[in-house]
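Since the structure comes first, as structure tokens, the remarks are kept for the end.
The values are calculated or read from the model by the stated rules, or taken from the named source; none is laboratory data. Because the structure is a prediction, the values reported are computed rather than measured. Neighbour counts are summed over all protein chains in view; Cβ atoms, including those assigned to glycine, are modelled from backbone coordinates with ideal geometry. What goes into the accessible areas is simple: the full protein's heavy atoms, side chains included, and nothing from ligands, DNA or RNA. Shrake-Rupley method; radii C 1.70, N 1.55, O 1.52, S 1.80 Å.
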Amino acid sequence: MRSTRREFVRAGVAAACGLGIGGGTLAGELITKAGGLSSSAADGSQATAVLPVKKGLVFDMLPNKLSYTERFKLAREVGFEVVQAPTTPDKREAEEIEKAADAANIRIDSVMNMDHWKYPLSSGDSAVVAKCVEGMKTSLHNAKLWGSDAVLLVPAVVNAETSYREAWTRSQKEIQKLIPLAAELKVVIAIEEVWNKFLLSPLEMQKYVAEFESPWIKAWFDVGNVVLYGYPQDWIRTLGKSIYKVHLKDFKRKEGGYAWVNLGDGDVDWAAVRQAFAEIGYSGSVIAELDGGDEAYLRDVSKRIDRLLIGLA
């Protein structure tokens with residue numbers, strides 16, 4: 001049984017309440033028409049125009065009552081260029097997903113590794129670590145089959161049994177062993193910051209990634225995950241060119257608790273986030289990781305990304 005990251009994040013919210021790269025995108029074409037990456041504001045400063053990014057969503061946002069082909073087709077029709085798919089151990093199913101994406105003319109941009117929460121690389125149990133390593137190997141081979149260039153990895157979990165230092169050293173040791181396979185398959189392992197009590201500042205995350213000294217280890221930045229204890233625009237500027245992929249979520253502080261909300265309905269300063277991405281020259285994919293919904297809902301999410309982040313009217 002696969003446990004999802006969203007389930008873990010929701011559990012984290014409940015607990016809190018108790019307390020890249022690429023061109024040729026649609027946006028890129030519109031930049032040409034708009035006249036470039038920046039324009040002069042009324043006060044003479046440079047205002048961000050259109051970000052040259054690829055717009056995507058996680059696969060489980062699409063209605064699961066539809067076939068693979070219908071889901072990918074729907075993603076394309078409502079305005080998305082890429083999809084992030086989950087780890088798929090069954091070879092026939094993985095091949096079916098590949099064919100469905102090809103038929104819909106949509107790219108599987110990346111793989112969401114599915115074993116890092118239940119079986120973290122930071123565990124002191126070698127059997128648990130082995131399961132995570134095998135899950136990563138499967139994810140990397142999925143990426144190669146699907147033509148994806150990255151696998152998302154939550155590197156460690158700090159808890160009562162695993163100290164911060166142990167999480168750091170144990171996870172780095174296991175990731176180092178995965179680098180040769182990543183290099184062979186030409187797939188980046190992208191480290192994401194999540195609610196795992198680990199990599200709690202952009203300086204730490206930058207250091208953690210840099211210590212590998214490998215082009216096959218990069219950062220996967222989630223805009224919404226840092227709102228509780230930081231500012232996305234600060235993380236973006238600090239991580240800079242190490243950011244390879246991006247997740248889009250929004251987060252709302254409210255009396256008596258917190259909640260994940262739709263893009264633009266939370267506390268994320270999207271204008272500041274867009275400006276920060278422009279400053280570091282980010283041109284990779286931006287992938288919505290929200291609740292799923294029907295065609296009207298997905299079309300609205302697509303338009304929100306256009307308006308809030310990409311900079312399209």
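Condition check for residue 163 on (1) open to solvent by less than 30 Å² (accessible area, probe 1.4 Å); (2) out of contact with any Ser or Thr (no Cβ under 7 Å at 6 or more places or on another chain); (3) of a type in the set (S, T, N, Q): one failure, at (1). Every listed requirement among (1) under 19 Å from the mean Cα position of the chain (by Cα); (2) at pLDDT 95 or above; (3) more than 18 Å from residue 113 (Cα to Cα) is met by residue 168 save one, (1). If the condition is being open to solvent by less than 30 Å² (accessible area, probe 1.4 Å) and either at pLDDT below 95 or β-branched (Val, Ile, Thr) (or both), then the stretch 247-278 contributes 251, 257, 259, 268, 273.
Could you grab me the full set of residues in the stretch 213-239 that are open to solvent by 10 Å² or more (accessible area, probe 1.4 Å) and not in a loop (DSSP other than H, G, I, E, B)? Matches in the stretch 213-239: 218, 233, 234, 237, 238.
Residues of the stretch 279-310 that are open to solvent by 40 Å² or more (accessible area, probe 1.4 Å) and in a helix (DSSP H, G or I): 279, 295, 296, 297, 299, 300, 303, 304, 307. Does residue 170 satisfy the condition of being part of a helix (DSSP H, G or I) and either buried (at least 18 other Cβ atoms within 10 Å of the Cβ) or touching an Asp or Glu at 6+ places or on another chain (Cβ under 6 Å) (or both)? Criteria met by residue 170. Apart from one condition, residue 263 fits all of (1) closer than 27 Å to residue 148 by Cα; (2) in a strand (DSSP E or B); the exception is (2). Checking each residue in the stretch 102-129 for being open to solvent by 60 Å² or more (accessible area, probe 1.4 Å) and not aliphatic (A, V, I, L, M) picks out 102, 105, 107, 118, 124, 125, 126.
For beta carbons closer than 7 Å, sequence separation of 6+ or different chains, a first residue in the stretch 184-207 that is at positive phi and a second that is in a helix (DSSP H, G or I), the qualifying pairs are 199/205; 199/208.
Of all residues in the stretch 240-260, how many are assigned to a strand (DSSP E or B), out of contact with any strand residue (DSSP E or B) (no Cβ under 9 Å at 6 or more places or on another chain) and at negative phi? Count: 1. Report yes if some residue within the stretch 228-238 is touching a Leu at 6+ places or on another chain (Cβ under 7 Å) and of a type in the set (A, V, I, L, M, F, W, C); otherwise report no. No: zero hits.
Suppose the filter is surrounded by fewer than 15 Cβ atoms within 10 Å (Cβ to Cβ), under 28 Å from residue 167 (Cβ atoms) and of a type outside the set (S, T, N, Q); does residue 199 pass it? Walk me through it before giving the result.
Details: surrounded by fewer than 15 Cβ atoms within 10 Å (Cβ to Cβ): no; under 28 Å from residue 167 (Cβ atoms): yes; of a type outside the set (S, T, N, Q): yes.
Judged against the criteria, residue 199 is not a match.
Being closer than 30 Å to residue 95 by Cβ, modelled with pLDDT of 95 or more and among the basic types (Lys, Arg) is a property that does not hold for residue 207.
Could you tell me whether the stretch 132-154 includes any residue that is aliphatic (A, V, I, L, M), open to solvent by less than 50 Å² (accessible area, probe 1.4 Å) and touching a His at 6+ places or on another chain (Cβ under 7 Å)? Yes, some residue in the stretch 132-154 is aliphatic (A, V, I, L, M), open to solvent by less than 50 Å² (accessible area, probe 1.4 Å) and touching a His at 6+ places or on another chain (Cβ under 7 Å). Filter the stretch 132-167 down to residues that are assigned to a helix (DSSP H, G or I) and aliphatic (A, V, I, L, M), then give me how many there are. Selection size over the stretch 132-167: 6.
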